[in-house]
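Read through the structure below, which is laid out as structure tokens, and then see the notes.
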Amino acid sequence: MGSVLALSSASGQSWPFSTEPAPSRWDAHPAHWDSPPRWERRDGRLPNPGSFHSLHRSCKEVFPQQIEGVKMILNKTLSSFFKVSHTLHLSAVSPSYYRFHVEHLQTDDNSKDKDAPALIGEMDSSGSLNAHALLHLTERVRARTVFQTQQSQFVTWQFETEYRGNDFTAAVTVANPDIARESVILVAHFLQSVSSGLVLGGELVYHRGRTEEGGILTLAGQYSKPNWVVTLNVGKGGAHASYYHKANKQIQVGVEFEASTRTQETTTSFGYKMELPEANMVFRGMVNSRCIIGGVLEKRLTPLPATLIMGAFVNHRGDKLQVGLGVNVG
């Protein structure tokens, strides 16, 4: 799904020293959406490969998320289905904002209603809105609708349908259809489990407008073992490779390589995650070939229902420093 959002976004900032607020993780589905469905666990059958946009997720979750300025997040669970959160971010680099987030979804994986619709909405102080609707049409068919506005202008509206078979996943997405401008973006995904550890597939992105028309084909492959995962995407737009390794219960590492034919740039990144359950702490660090070093420390303030977040990112090549402090309550 990143392809659709990338084509419909005009942002050219480079993480993690972007002047724009960090985007929300709209691809983070409820946990049971990416867990193996019930019919995949029968003996003698290959597992379902999951969603295309989740291929690199294991590696990406090792890397720290940028934090800059001062951020306060207040979470409140009103019921087993309903949760709200308030976010206040004060920054000297990007515009400060207030964000209201609301979710209506089933968070209990053991509940009989875990396939209930999920509704997610978010609005900030500038009037920008993000809205998600995730539905289980049948046991194997899922549908998702996304609307995003930038102040008073629509930026993205897309409709996705996904079918999960016994050992394959197929999905079709229609994004930003505009009859007046005769433009549309179509995305097709397909993943097939070849063996218990090997997954092969591809992505086809087709864009049509009044003055331009084109398509991008990307081939994907993933090989996994209990403690490590290797993933590769190669296409006309470039290449994206990642390696994830779980050394033990406390330490996880990841390596990412990204190359773009459009910008003629390549980036190699190394990240690691260290969990210290006895100290209620989680640390994530990273370093990449652009001479950027960063780390984020999360400390659970027991017995309080709060987490203290401290982070710093240094760009040695650009001589820039970003430091952040946050508190997540609830």
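Taken together, the values in this text are just the output of simple stated rules run on the coordinates, not laboratory data. Here the structure is a predicted model, which means the values were calculated and not measured. With ideal geometry, Cβ positions are generated from the backbone for all residues, glycine too; neighbour counts draw on all protein chains shown.
Taking R0 as 22 Å, what FRET efficiency do you get between residue 268 and residue 219 from their Cβ-Cβ distance, rounded to the nearest 0.05? The value I calculate is 0.60. 3J(HN,Hα) couplings calculated from phi for segment 255-260 with the Karplus curve 6.51 cos²θ - 1.76 cosθ + 1.60 (θ = phi - 60°) are, in sequence order, 10, 10, 10, 10, 10, 10 Hz; Gly and Pro show x. Near residue 128, the amide H atoms lying under 5 Å from its own belong to 151; only residues 5 or more places off or on other chains count, and H is placed 1.01 Å from N. From the alpha carbon centroid of segment 43-85 to that of segment 139-201 is 18 Å. In this structure, the amide hydrogen of residue 265, modeled 1.01 Å from its nitrogen in the peptide plane, lies closer than 5 angstrom to those of 260, counting only residues at least 5 positions away or on a different chain.
A simple packing score, the average count of other Cβ atoms within 10 Å per residue, orders the peptides 47-53, 64-70 as 47-53, 64-70, with the highest score first.
Converting phi to 3J(HN,Hα) with the Karplus coefficients 6.51, -1.76 and 1.60 and the offset θ = phi - 60°, segment 198-203 yields 10, 10, 10, x, x, 9 Hz in sequence order, with x at every glycine or proline. Using R0 = 51 Å, the C-beta based FRET efficiency linking residue 88 and residue 257 works out to 0.90. Residue by residue, segment 95-103 carries 3J(HN,Hα) couplings of x, 6, 7, 10, 10, 10, 10, 9, 10 Hz when phi is fed to the Karplus relation 6.51 cos²θ - 1.76 cosθ + 1.60 (θ = phi - 60°); x denotes Gly or Pro. Expressed as a whole percent, the proportion of Cα-Cα pairs in segment 156-288 lying more than 19 Å apart is 65%. Once the Cα-Cα distance is subtracted from the 0.36 nm per residue extended length, the residue 129 to residue 198 segment shows a gain of 21.0 nm. At an R0 of 22 angstrom, the distance between the Cβ atoms of residue 137 and residue 166 translates into a FRET efficiency of 0.75. Between residue 211 and residue 150, the contour length at 0.36 nm per residue exceeds the alpha carbon distance by 19.5 nm. Scanning residues 5 or more positions from residue 183 or on other chains, those with amide H under 5 Å from its amide H are 178, with H placed 1.01 Å from N in the peptide plane. Summing charges over all other residues whose Cβ lies under 13 Å from the Cβ of residue 73, with Lys and Arg as +1 and Asp and Glu as -1, gives +2. Listed by chain and number, the lysines whose alpha-carbon sits under 20 Å from that of residue 246, ignoring those within fewer than 8 places in the same chain, are 60, 225, 273.
With the simple model of a label 7 Å out from the Cα in the direction of the Cβ, residue 183 to residue 327 spans 4.5 nm. Give the distance, in whole Å, between the Cα centre of segment 301-318 and the Cα centre of segment 250-268. Between the Cα centre of segment 301-318 and that of segment 250-268, the gap is 23 Å. Extending 7 Å from Cα along the Cβ direction at residue 116 and again at residue 159 yields two label points whose distance is 2.6 nm.
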